[in-house]
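Rule-based calculations on the coordinates, nothing more; no lab input. As the structure is a computational prediction, the values presented were derived from the model and not from experiment. Here the Cβ is made from the backbone with ideal geometry for all residues, glycine too, and neighbour counts use every protein chain on show.
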Amino acid sequence: MRIDVVVPLRDAAALLPGCLEAIRAQTLSPGRIHLVVGPSKDATLDVARSAWSRDSRVLVSENPAGDRGSALNVALAALDPETEAVAMVDAQSRIDPAYLERSAAVLDETGAAVVGGSMQPVGTSPMGEAIAAALSSPVGVGDSSFHFEGEARDVDSVYLGVYRRTVLDTVGPYDPRLLRTE
């Protein structure tokens with residue numbers, strides 16, 4: 001299964017190299033890695049363009065609107081006809097090396113529209129560690145299933161997500177007026 005990866009970016013120059021390293025380390029090699037860069041106060045666009053110059057799979061696009069929905073629409077409009085699924089990855093994310101391979105297997109086995117894994121927050125500073133602890137507790141996040149590991153099951157939302165291309169084509173573009181694109 002060909003899975004393209006979409007990374008909407010904004011003010012993420014320091015985060016992008018680690019994100020790309022995790023994407024490139026996948027046991028199922030991604031088709032295209034589409035970096036969609038919104039207006040940034042740091043060197044995000046330069047870092048993205050540098051990544052593009054070193055990897056022919058990387059496509060860099062600008063997102064003048066800056067919001068996530070518009071970024072996803074830019075990427076979805078540029079999908080290759082051979083793309084069968086799209087993985088949404090945030091710049092601060094470090095996906096497990098088998099994430100794309102396991103997602104492809106579950107999409108094939110279940111016929112699901114979208115699959116994803118659990119969010120496992122990690123802090124790199126005292127404040128980050130406190131936030132990670134809150135995001136790892138039912139007290140901090142309620143009963144959102146994607147925050148917790150467990151048996152594979154139907155859930156109301158997934159973290160990041162690998163979406164079947166046919167479903168994205170059927171549903172149509174994201175509404176950029178919505179602050180959250182879940």
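For the reader, a short list of remarks on this structure follows.
- Classification of region 1-109 by its C-alpha gyration tensor yields a prolate form. The axis ratio a/c (a ≥ b ≥ c) is 1.5 or more, and a/b outweighs b/c.
- Fully extending the segment from residue 24 to residue 166, taken as 0.36 nm per residue of separation minus the present Cα-Cα distance, adds 48.6 nm.
- Reciprocal of mean inverse Cα separation for region 47-122 (Kirkwood radius, Å): 14.7
- Per-residue 3J(HN,Hα) values for region 67-84, derived from phi via the Karplus relation 6.51 cos²θ - 1.76 cosθ + 1.60 with θ = phi - 60°, read 7, 5, x, 5, 4, 5, 5, 4, 5, 5, 5, 9, 4, 6, x, 7, 5, 9 Hz in sequence order (x marks Gly and Pro).
- Cβ-Cβ FRET estimate between residue 52 and residue 109, R0 fixed at 45 Å, reported to 0.05: 0.85
- Sites matching GluC sites (Glu not before Pro) across region 61-94 that sit in DSSP coil, with at most 11 neighbouring C-beta atoms within 10 Å: 82
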